[in-house]
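Chemist: Quick one: structure below, then a few questions.
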Amino acid sequence: MEVESYMGRIVAIDASMALYQFLIAIRAQGGEGTAAAVLTNAEGEQTSHIQGMFNRTIRLLSAGIKPVYVFDGKPPNMKGGELAKRQAKRAEAQKKLEEARAKGDIEAIEKHEGALVKVSKKDAEDVKVLLRAMGVPVVEAPCEAEAQCAELVRGGKAYAAGTEDMDVLTFAATRQLRKLTFSSSKKADQRIVEINHARLLNDIGLTNDQFVDLCILCGCDYTNRIDKVGPKTALKLIKQHGSIEAILKSMSTSPKEYDRVPDEWLDADTRSKRKAKRRAQALARLTNTENRVPLETTKPKEDNNAHHQDIDNKQQQDKNKIQPLAFAATTNEIPAFAPTTQSVNTSTAEATFAATTNEIPAFAPTTQSVNISTEIEATSAPTTTEIVQQPLMTEATENIIPMEVDEDEFIPVKTAELKESESTEIELEEQNDEDESKHVPEYIGARKLFKEHEIIPAKDIQLKWTKPDEAALRAFLIDKMGFAAERVDGAIKKLITAQGSLKQQRMDSFFKVLPKKVDGNVNKRPPPPASKKPAAAKKKKTR
DNA sequence: ACTCTGTCTCAAGACGAC
DNA sequence: CTAATTGAGACAGAGT
DNA sequence: GTCGTCC
């Protein structure tokens with residue numbers, strides 16, 4: 001769509017997301033031997049986000065679009081499992097950044113700084129001050145901003161949610177606008193993309209409930225996923241069975257498939273049964289060495305092997321330790337750091353054989369190691385990095401051993417090691433046993449978050465665009481943030497003009513009764529003028 | 001040959017003078 | 001503890 | 001359109 005189509009429309013925007021992007025994108029070019037950095041005022045406070053928000057808002061208003069900015073509240077409870085991963089990642093970036101600084105590696109510094117960008121509470125507060133002075137409404141969401149944006153649209157307070165994040169559709173926003181930054185517009189791929197929720201559901205032939213399930217299957221922020229189920233398969237399964245429950249039930253008839261369902265998705269009962277079974281298998285492995293015999297030897301092709309080596313080496317250099325380990329576990333390849341690297345090329349088949357045999361009961365060679373690591377990550381507390389690395393390290397090392405050690409002396413050694421790692425794992429599981437009985441399958445929690453997210457009802461929100469407070473703006477931007485007075489004055493002039501012309505209503509509101517649109521009436525006929533095919537409306541998220 | 005998933009890497013604003 | 005990403009595109013590998 | 005600059 002062209003910008004002009006949205007003249008007079010109210011658009012709800014996730015402010016935190018926007019601020020984050022400004023902080024990443026708006027940087028002063030580093031001089032000689034200096035990394036690019038965010039803009040700051042004399043006190044060293046970040047100002048990039050102020051600059052970005054100020055400009056963009058004026059731009060939107062000038063185009064006749066009325067923005068309402070929605071700020072995040074408290075994060076939802078559920079992100080617990082994911083949280084640990086993110087913390088680990090962040091800590092890693094922090095470390096790398098310091099290393100890069102020590103070495104004076106500009107490129108690396110910039111890269112890792114980008115990964116550490118954050119929007120602090122203060123940054124958000126500053127922007128709220130700015131927006132209020134501009135006469136633009138601000139909404140403080142109790143929880144996730146995307147959910148609140150969706151509510152504003154559903155409740156008719158806004159025409160659409162303006163965000164790149166597909167989650168708003170899962171939150172059932174009536175409409176989403178993407179690429180709202182019509183910068184030097186008119187180019188085909190610069191045009192605003194409108195996605196209509198009802199039409200989307202109609203096109204893919206799902207109810208909203210099913211659509212939510214589909215999004216969960218494809219992978220949302222709140223849950224693990226079923227291995228080997230991506231967008232296509234998920235859609236197929238939902239169409240076939242109608243709900244996640246029905247899909248799980250159907251999968252449960254095939255042990256191989258059911259094994260892919262993450263523990264967290266099972267109800268307490270099934271879950272503890274599965275764990276008991278795992279424990280039994282672990283014990284059996286320890287006591288009965290004959291179990292190690294059967295397997296399928298998947299021979300890697302020579303050239304593939306070379307390729308993986310290459311990747312491993314690279315990862316070892318510039319990635320954290322968890323990743324190469326996980327990689328190795330998944331593929332049964334030998335990690336590059338392994339002491340026995342030399343023998344890899346000559347006896348790949350043997351190595352693979354050994355790795356597979358030691359580890360895993362014949363039915364699912366690759367998934368189990370993955371499951372184990374997920375499990376540990378999910379159950380471990382603050383000290384994630386340590387806990388995760390230990391067992392994986394033991395595992396990986398142990399995979400190597402058989403190549404060099406004689407069977408006879410190998411068995412006792414290996415048993416001892418195994419015992420150690422197994423016990424760690426079991427211990428971790430047991431820590432969780434008290435929660436076990438009240439465990440609710442993860443996908444149900446996610447569903448609840450999408451459908452009953454904490455929000456302020458749209459009817460309780462009044463949005464007003466008022467004349468800017470010129471004095472307040474000058475005080476804030478010039479005196480506090482150190483912006484150039486001349487520029488600010490010029491911008492304020494634009495702002496006043498834009499705000500003034502907002503008073504004019506949309507043309508069609510003079511002769512049409514429906515004010516905001518053909519709402520949520522599911523599958524009512526799609527409005528004629530809508531964008532081309534919302535084929536781009538595939539939900540995808542992999543984290 | 002084709003389809004799908006999983007993984008990795010990357011980029012992420014806007015103004016205004018020219 | 002305060003912080004937080006996201007999506008797209010390219011590509012390899014598994015499965016059919 | 002590109003490019004340097006915004007703080």
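The values are calculated or read from the model by the stated rules, or taken from the named source; none is laboratory data. Only a predicted model underlies this, so the values are computations on that prediction, with no experimental measurement involved. With ideal geometry, Cβ positions are generated from the backbone for all residues, glycine too; neighbour counts draw on all protein chains shown. Side chains included, ligands, DNA and RNA excluded: accessible areas come from the protein's heavy atoms. Shrake-Rupley method; radii C 1.70, N 1.55, O 1.52, S 1.80 Å.
Chemist: As a test question: what accessible area, to the nearest 10 Å², does A:W465 have when a 1.4 Å probe is rolled over all protein chains in place?
Modeler: 40
Chemist: Can you list the GluC sites (Glu not before Pro) in the range A:446-508 that are in a DSSP coil and have 11 or fewer other beta carbons within 10 angstrom?
Modeler: Counting only loop positions with at most 11 other Cβ atoms within 10 Å, the GluC sites (Glu not before Pro) in the range A:446-508 are A:E452.
Chemist: Could you compute how much accessible surface A:K459 exposes when probed at 1.4 Å, giving the result in Å² to the nearest 10?
Modeler: A:K459 has an accessible surface of roughly 150 Å² with all protein chains in place.
Chemist: Could you tell me the calculated FRET efficiency between A:A485 and A:L463, based on Cβ-Cβ distance and R0 = 30 angstrom, to the nearest 0.05? Intermediate results must be reported in sequence, preceding the final value.
Modeler: Values: r = 31 Å, r/R0 = 1.03.
So, using R0 = 30 Å, E works out to roughly 0.45.
Chemist: Now for a separate question. Using +1 on the beta carbon of Lys and Arg, -1 on that of Asp and Glu, and nothing else charged, what's the dipole of the range A:61-114 about the Cα centre, debye to 20?
Modeler: Values: 12 positive and 9 negative charges, 59 e Å.
Computed about the Cα centre, the dipole is about 280 debye.
Chemist: Let me ask something else. What figure, in Å² to the nearest 10, do you get for the accessible area of A:F450 with a 1.4 Å probe and non-protein molecules left out?
Modeler: 10
Chemist: Trypsin sites (Lys or Arg not before Pro), restricted to the range A:218-258: which are DSSP loop and have at most 12 other Cβ atoms within 10 Å?
Modeler: For trypsin sites (Lys or Arg not before Pro) across the range A:218-258 that sit outside H, G, I, E and B with at most 12 neighbouring Cβ atoms in 10 Å, the list reads A:K228.
Chemist: What is the spin-label model distance, in nm, from A:T233 to A:K273 if the labels are put 7 Å beyond Cα along the C-beta direction?
Modeler: Using points 7 Å along Cα→Cβ, the separation is 2.3 nm.
Chemist: Another question, if that's okay. Put +1 on the Cβ of every Lys and Arg and -1 on every Asp and Glu Cβ in the range A:20-89; which of A:G30, A:L61, A:S48 then has its Cα farthest towards the positive end of the dipole?
Modeler: Value computed over the given set: A:L61.
Chemist: What does the charge dipole of the range A:30-186 about its Cα centre add up to, to the nearest 20 debye, if the Cβ of each Lys and Arg holds +1 and the Cβ of each Asp and Glu holds -1?
Modeler: With only Lys, Arg, Asp and Glu charged at Cβ, the dipole is about 520 debye.
Chemist: Could you list which residues have their amide H under 5 Å from that of A:G30, counting only those 5 or more apart in sequence or on another chain, with H placed in the peptide plane?
Modeler: It is A:A36, A:A37, by chain and number.
Chemist: If you don't mind, there's one more thing I want to ask. Name the residues of the range A:3-28 whose amide N is less than 19 Å from a point 7 angstrom out from the Cα of A:D221 along the C-beta direction?
Modeler: A:12-24
Chemist: Separate question: With labels modelled as points extended 7 Å from the Cα through the Cβ direction, what inter-label distance (nm, one decimal) is found for A:A91 paired with A:S501?
Modeler: Placing both labels 7 Å beyond Cα along the Cβ direction yields 5.4 nm.
Chemist: With θ taken as phi - 60° and the coefficients 6.51, -1.76 and 1.60, list the Karplus ³J(HN,Hα) couplings across the range A:212-228 in order, rounded to whole Hz; mark glycine and proline as x.
Modeler: Computed from phi, the couplings for the range A:212-228 are 4, 4, 4, 4, 5, 4, 6, x, 10, 5, 9, 9, 6, 10, 7, 4, 6 Hz.
Chemist: Using the crude model of +1 on Lys and Arg Cβ and -1 on Asp and Glu Cβ, and no other charge, please compute the dipole size for the range A:102-162 relative to its Cα centre, in debye to 20.
Modeler: Details: 9 positive and 11 negative charges, 50 e Å.
I would put it at about 240 debye.
Chemist: Another question, then. Between A:S252 and A:I24, what is the FRET efficiency for a Förster distance of 45 Å, r being their Cβ-Cβ separation, to the nearest 0.05?
Modeler: The formula returns an efficiency of 0.50 here.
Chemist: What share of the DSSP beta bridges in the range A:1-134 is antiparallel, in percent to the nearest 5?
Modeler: Approximately 40 percent, going by the DSSP bridge assignments.
Chemist: On to the next question. Over the range A:137-221, how many percent of alpha carbon pairs lie in each 5 Å bin up to the one with the longest distance?
Modeler: With 5 Å bins starting at 0, P(r) equals 3, 14, 21, 23, 19, 12, 6, 1.
Chemist: Roughly how compact is the range A:1-66, stated as its Cα Rg over 2.2 N^0.38 Å to two decimals?
Modeler: Expressed relative to 2.2 N^0.38 Å, the Cα Rg reads 1.40.
Chemist: Where Rh denotes the Kirkwood radius from the mean inverse Cα pair distance, what is Rg over Rh for the range A:52-166?
Modeler: Working: Rg = 18.0 Å, Rh = 16.9 Å.
My calculation puts Rg/Rh at 1.06.
Chemist: Something else about it: Could you please put A:R27, A:R474 in sequence from largest to smallest accessible area, using a 1.4 Å probe?
Modeler: Descending accessible area places them as A:R474, A:R27.
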